[in-house]
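For reference, the structure is listed below as C-alpha cells.
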Amino acid sequence: MHAYPSFLAEEAEVGVTPRVSILSAPLAATVSWGAGTDQGPRAILEASPALEVFDDELLQETIWAGIETLAPLDFAGCSLEAVSERICQAVGEALARDRFPVLLGGEHSVTTGAVAALLRHHPDLHVVQIDAHLDLRDSYEDTLLSHAAVMRRLDDLAVPFTQVGIRSFSQEEWLLVRERGWQPFFMHRIKAEADWIAQIVAEIKGPVYLTVDVDGLDPAIMPATGTPEPDGMGWTMAIDLIRAIVREKQLVGMDVVEFAPRPGAEHAAFLAAKLIYRTLGYRFASLLAGQGGRP
C-alpha cells in the first residue's frame, strides 16, 4: 500500500497556516447493496491532484486558505459507537485548532460523530443534507447507527435539518415525515418550485453543517456509490445550492460520504474532489478576495 494521499498533494503545500483539515473516515460497516465506501476517502484524495488549483468560477487559488490532510482514522476493532466517538474526537480536535473540518466518508453513519463535535461549538447548528434517501429509519438491520438511520440519530440530538434531493424512502420514514410535519425537498418538489434554493436558505436559522451523500447526485455524473438512485441533482443544481448557503449563512463544517470507487468511473472521484474544493472556495472567498486570490 502506498503512503496515504493528501488533498491536492504538493500543490497544497503553500506555507501558510492551515485553516482547513481534511479528515478521512474509511468506514463500510452497514452499507447497502454496493460496497466500497471504506475506499472512498483514498479515491477522492488520489483524484484531487488532477484539479486546477485556480478555480474557474471564483478566479482564485483556494489553496491559499491553507489545507492540511490528516492521517486516516483507524477503526480496527471498533464498535459503531466507538467509531462515532473517535470521529467526534477528531473533528473536535480540528475545531480546537481553529480548522474548518472536511470529513471524507465512508458510509453516511460517520456524520453523527462530526455533528456531535460541531454541536459543542454551535448549539444552534443546522444540518443541510444532500441525499437520495431520507435516512430516517429508527434502525436498519437491527443497527441504530446504520447509514440508513443517520438523520434519525441527528433528530435524537435535536438538530434541525433540511433534506434535499430526496427520491427514495420507506413507508416508516414517510409516516414519520408526515407525523412531524417536515417538508423535505424531494426531487419532484425541486423541479416544481423555482425558488427552492431561496426556501432552503430562509429556513436555516443557525450555522450550517453540510453533509453530501453522493447518491444525492444523478448517477449519470455520480455512478460510484452503493445505491445510485435515478434522477438526482446535477452539478449545477448542487453547486447553486451550496453557493447560496455559503454566501448567506455560516458554513462551519462539511462531509462527503457514500463514495464507493467503481472501475471505469474515475471521473466520479474527480467530481467529488472538485465539489469539496469549490465549496472551500466559497467558504474562504472573502479571505482570498483581492491580491490575486491570495490572503
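Please get the size of the charge dipole for the chain, origin at its Cα centre, with Cβ charges of +1 on Lys and Arg and -1 on Asp and Glu, quoted in debye to the nearest 20.
600
Which distance in Å, rounded to a whole number, links the C-alpha centroids of the stretch 102-176 and the stretch 79-94?
16
For the residue pair E85 and D155, what label-to-label distance in nm results when each label sits 7 Å from Cα along the Cα-to-beta-carbon direction?
2.7
Can you list which of the chymotrypsin sites (Phe, Trp or Tyr not before Pro) found in the stretch 1-107 are DSSP loop residues with at most 12 other C-beta atoms within 10 Å?
W33
Checking the a/c ratio against 1.5 first, then a/b against b/c, what shape does the Cα gyration tensor give for the stretch 154-295?
Oblate shape, in that a/c is at least 1.5 and b/c is the bigger or equal ratio.
Got a sec? How would S139, S286, S84, S6 order by Cβ neighbour count within 10 Å, fewest to most?
With the fewest neighbours first, S139, S286, S84, S6 line up as S286, S139, S6, S84.
Let me know the Kirkwood hydrodynamic radius for the chain, please, with Cα pairs as the basis and the value in Å to one decimal.
18.9
Please identify which residues in the stretch 130-170 have an amide N closer than 11 Å to a label point set 7 Å out from the Cα of D231, following the Cα→Cβ vector.
The answer is 167-168.
Can you tell me the length gained on complete extension of the stretch E57 to A192, counting 0.36 nm per residue apart and subtracting the Cα distance?
Stretched fully, the E57-A192 segment lengthens by 45.9 nm.
For Cα pairs less than 8 Å apart in space and 6+ apart in sequence, what is the mean separation divided by the residue count of the stretch 9-293, i.e. the relative contact order in percent?
25
Which value in nm describes the separation of the simple spin-label points at H121 and W182, placed 7 Å from the Cα toward the beta carbon?
2.5
Bear in mind these aren't lab numbers, they're just calculated from the coordinates by the rules spelled out. From a predicted model like this one, the values you see are computed outputs, not experimental measurements. Here Cβ is always computed from backbone atoms with ideal geometry, including for glycine, and neighbour counts include all displayed protein chains.
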